[in-house]
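Right, one structure below, let's go through it.
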Amino acid sequence: MRLELGSFPVTDIVFGARTRWQDSVLEIDARALLEEMRSDPRITRAELELARPGESVRIWPVRDAVEPRIKVEGPGVAYPGICGRAIDTVGQGRTHRLAGMSVVEVSEVLPHDAGGDYNSIFYDMSGPWAEMIPMSKLLNLCLLVEADPALTIIDQNDAVHRATLKLADRLAATTVGLEPPQREVFELGPVDPALPKVVYIPCLHSAQAMSGNGSNGFFCTTATYGLSMLTPPWPMHPNEILDGAITGPYRIATSWHLANNRILLELYRRHGVDLNFAGVIAVRTEWTTMEEKELMCLQTAKVAQMLGAQGAIVAWDAGGNEFLEVVHTVRACQRAGIKTVLLTSEDDPTGGAPTLLEPLPEADAVVSTFIGGSGYPGGSGPASSQMLPAMARVIGSPTRLVGAVRDEVIDVAGPMPPPRYNDTYGFGRYSGVEY
Amino acid sequence: MAKALRVVHYVNHFFGQKGGEAAAGLPPEVREGPVGPGLALEKALEGRGRVVATVVCGDDHFSENLDQVGQQIMALIKPYAPDLVVAGPAYGSGRYGMACGKVCELAQRELRVPAITGMNEENPGADLFRREALIVSTGETARTMAQDLGRMVRLAEKLVEGQELGEPAQEGYIPHGLRKNRLAEWSASRRAVDMLLAKIGGRSFQTELPLPKFEPVAAPAAIGDVSRARIALITDGGLVPKGNPDRLESRGATKWLGYSISGRDRLTPQEYESVHTGFDTTLVNQDPNRLVPLDAARELEQEGEIGKLHEEILTTTGVWTSLANARKFGREMAEKLKLEHIEGVILTST
Amino acid sequence: MIARELEKAGVPVVQLTALTPIPNTLGVNRVLASAAITYPTGDPSLPPAEEKQVRKQYLRKALKALQQQVEKPEVFY
């Protein structure tokens, strides 16, 4: 499977009379594009605003961020399966991307209406929080989008995310027929057989257990070819992921993060250098019984063995009981003779690390991406005591419900506690250390 | 440093030259200037400070009344207006270690004066006070006193100047058991791949998150006969009366609550619900007995299989609850249940 | 952690949970496996009367665990 990724850098976005990419500038005909969004009768609001790195801007609430990508050669579409898109297997041919920007889905629509899972993510374009997240270094074209509240939550999700993808599609389409200024070829070609075979095991939270057993598998959260339900371990070629085969809005695991997955790129770029990248096994988490959890872990180790893995990197995108699938996968791999490293964030500077849930001795090699549960990791003190500074402008909703029982209204522009954020895909340089 | 540091030194009866075990019961007293190891401490300060006073106390006396004697010692230290309090080092001596830990904890908290001590990592005082106190890691015996005091002084000076300390291993102190963020040289993804290749290749690597250890807890003795025992129902599944009148948090709980079930033989969905955010509460909210099995427990009580059901359900939310809070809830619940003579608990968790 | 503290205080406790490894590795001595996270004491697939019988069975197992002497963390099924 060979994929050529052509990058079109975007150094500025301007609103103009037409939509085109030229000399690293993306020109956008906002009126025409928005008309298209609003042609879906389910959409009640669609507006565009631009946030630039360094501005005193807070974007709230962020549901997803999508890097515009389009397949110009090879089967399928970028971000397949989700919101009714084609499900052809992706990962071959040529894909174009607009680099250095994202389409941010700014919406009050909740991922689902059970289990108290509220929107909690915002981006600051400057200040200490902006230092932490890769999104703040991008030109963020914000789509303020809402759906008819009379619709089911599933339809509302479909409507707003479909609009986001439509916009990303239109923008990426500006590169069709153009020669990409930068190209990179991704192919798992033959390498020195002495190099150790390594697999990457991303553990993906499924909202199925929280969102009600009645919902269908195409629920609009992190989805593999559109499926977000609890599914058995899913072997994947890394190229599929570069084409957005795992995508969708959920907390911090945005489509942008998934398509730009740094762990995956690190393994890919070292393929043939000091390792042999044998593939990806996407594992779903938050099964509701211990038996199911254990079964998935054992099956994951089996698939890793079938891929010939000598080593595995296990990472996860959530918190709480999903850690059991994660750490039991580590154990199952270790027991199958596969050396394993776990990449995780930490929750609490007073020692509330996820490993507390079940400190299995097999988790003896852990990379900590920082303590972010209740605070951002700037400075040296306990993170939770620090508030993020006020911002001059808010893109999105001006107020937010907070508090233990969500009955306090706060001004989003004012000082804010940092959101929960895990560096699931290994972008940052932070690490938690004991002192 | 412009001004010489004013240091108060704490030592036990033995190092305070009051005698051996016979002197272990002596109450605290203060002496002007250095005593015993205080001379070496002053030498280690190399003229940048002097020991203005020494507090001496018997180990038994102190360790038997840690809080009370600790306060007395603070009262003795305070008039000297020190810039720094140094305790010990206590090496392997458990009672002395506890005393040094307590002195440091109180000096920082009550007098707002930087404090440092030293002891062996196995010293029970280290386990008890490492969270609050800065403890330099030492051997088990006083043979290395001069070097140890030198290391303590170097670290203490950083403390006084408000400098951030480096990592425990490099600075030579016993970790507080707290975590903070640090910028590493490479991205997490690169560190993960590097660590994996080291592990596969059999080379040494260092985990960034050591596994926590839990001391075993002795199992309480079994109940002889439950048909005569008082049994309480507890849940961490966020059960509350409908509408959540006491505002129990749906995650990161800061409290626990008790609700009377007197006169009730089941939990109805009209009256109770779960506010837990870590799982789909639909099934529990259809029938809260799926979370707290009151209906079945009442029947067993009537049928004589349970002696007496405690008339109060204790409840909290166990998701993203800090370890410290969870411990506190457990201690407080235990205290209350013991007062009510509860002999056994059935805890239902999600 | 709640169960640990109760045990430290000498109160016998049995913890019912679907996720038995968590209390088990924390050192809780009496852990009873329950069905699922979303319904610790029940079985929604059954009619209410039968479900209550299942619940009683869970409780009987819990009571039995409380009456059993244990030396180290044990999971009851």
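Counting just the Cα atoms, what span does segment B:5-171 cover along each of its three principal axes? Round to the nearest Å and put the largest first.
Sorted from largest, the Cα extents of segment B:5-171 read 40, 33, 29 Å.
Which value, in Å to one decimal place, does the Kirkwood hydrodynamic radius take for segment A:2-411 when every pair of different Cα atoms is included? Could you put the intermediate results ahead of the total?
Numbers: mean 1/r = 0.0454 Å⁻¹.
Result for segment A:2-411 stands at 22.0 Å.
Quick check for me: using +1 on Lys/Arg Cβ and -1 on Asp/Glu Cβ, what's the dipole size of segment B:5-171 about its Cα centre, in debye to the nearest 20? Each step should come with its number before you reach the end.
Details: 17 positive and 23 negative charges, 96 e Å.
In debye, rounded to 20, segment B:5-171 gives about 460.
log10 I(q)/I(0), Debye, Cα-only segment C:2-76, no solvent, q = 0.11, 0.13, 0.15, 0.20 Å⁻¹?
With one equal scatterer per Cα and no solvent, log10 I(q)/I(0) is -0.29, -0.39, -0.51, -0.83.
What does the highest-first list of B:172-182, A:56-66, B:291-301 look like by mean Cβ count within 10 Å?
Numbers: B:172-182: 19.9, A:56-66: 25.2, B:291-301: 23.4.
The packing order, highest mean first, is A:56-66, B:291-301, B:172-182.
What's the magnitude of the charge dipole for segment B:226-348 around its Cα centre, counting Lys and Arg as +1 and Asp and Glu as -1 at the beta-carbon? Answer in Debye, nearest 20.
On the way: 16 positive and 19 negative charges, 98 e Å.
With only Lys, Arg, Asp and Glu charged at Cβ, the dipole is about 460 debye.
In deg cm²/dmol, rounded to 500, what helix-only [θ] at 222 nm does chain A give when every DSSP H run of at least 4 residues adds -39500 (n - 2.57) and the total is split over its residues? Each step should come with its number before you reach the end.
Working: 8 runs with 83 residues, N = 435.
-5500 deg cm²/dmol, from helical runs alone.
For the charge dipole of segment C:2-76, defined by +1 on Lys and Arg C-beta atoms and -1 on Asp and Glu C-beta atoms about the Cα centroid, which residue among C:Pro48, C:Leu63, C:Leu26 has the Cα displaced farthest towards the positive pole?
C:Leu63
Please say if the protein assembly as shown is rounded, prolate or oblate, where rounded means a/c under 1.5 for a ≥ b ≥ c the square roots of the C-alpha gyration tensor eigenvalues, and otherwise the choice is prolate for a/b larger than b/c and oblate otherwise? Each step should come with its number before you reach the end.
Working: a/c = 1.92, a/b = 1.32, b/c = 1.45.
Oblate, because a/c is 1.5 or more while a/b does not exceed b/c.
Would you work out which of B:Ile261, B:Ala24, B:Thr144 lies farthest towards the positive end of the dipole of chain B, given +1 charges on the beta-carbon of Lys and Arg and -1 on that of Asp and Glu, about the Cα centre?
Checking the options against the dipole of chain B, the answer is B:Thr144.
Add -39500 (n - 2.57) for each DSSP H run of 4 or more in chain C, then divide by its residues: what number comes out at 222 nm, to the nearest 500 deg cm²/dmol? Display every interim value, and only then the final one.
Numbers: 3 runs with 32 residues, N = 77.
Dividing the helical sum by the residues of chain C leaves -12500 deg cm²/dmol.
Along its three principal axes, how long is chain B when you only count alpha carbons? Whole Å, largest extent first please.
77, 56, 38
Kindly provide the helix-only [θ] at 222 nm of chain B, computed as the sum of -39,500 (n - 2.57) over DSSP H runs of four or more divided by all residues, to the nearest 500 deg cm²/dmol? Walk me through the intermediate numbers first.
Values: 11 runs with 113 residues, N = 350.
For chain B, the value works out to -9500 deg cm²/dmol.
Counting only other residues whose beta carbon sits under 10 Å from that of A:Ser56, what net charge do I get with K and R as +1, D and E as -1? Walk me through the intermediate numbers first.
On the way: positive: A:Arg58, A:Arg393; negative: A:Glu55, A:Asp124.
Charge balance near A:Ser56 sits at 0.
Just name one of B:Gln302, B:Phe214, B:Gly177: the one whose Cα is farthest towards the positive end of the charge dipole of chain B (beta-carbon charges, Lys/Arg +1, Asp/Glu -1).
B:Gly177
Let's see if you can work this out: charge +1 on each Lys and Arg Cβ, -1 on each Asp and Glu Cβ, no other charges. What is the dipole magnitude of segment A:132-257 about its Cα centre, in debye to the nearest 20? The partial results should precede the final answer.
On the way: 7 positive and 11 negative charges, 47 e Å.
In total the dipole reaches around 220 debye.
Here, each number is a calculation from the coordinates, and none is a lab measurement. Just so it is clear, the structure is predicted and the values come from calculations on it, not from any experiment. Every residue, glycine as well, gets a Cβ built from its backbone with ideal geometry; the counts of neighbours run over all protein chains shown.
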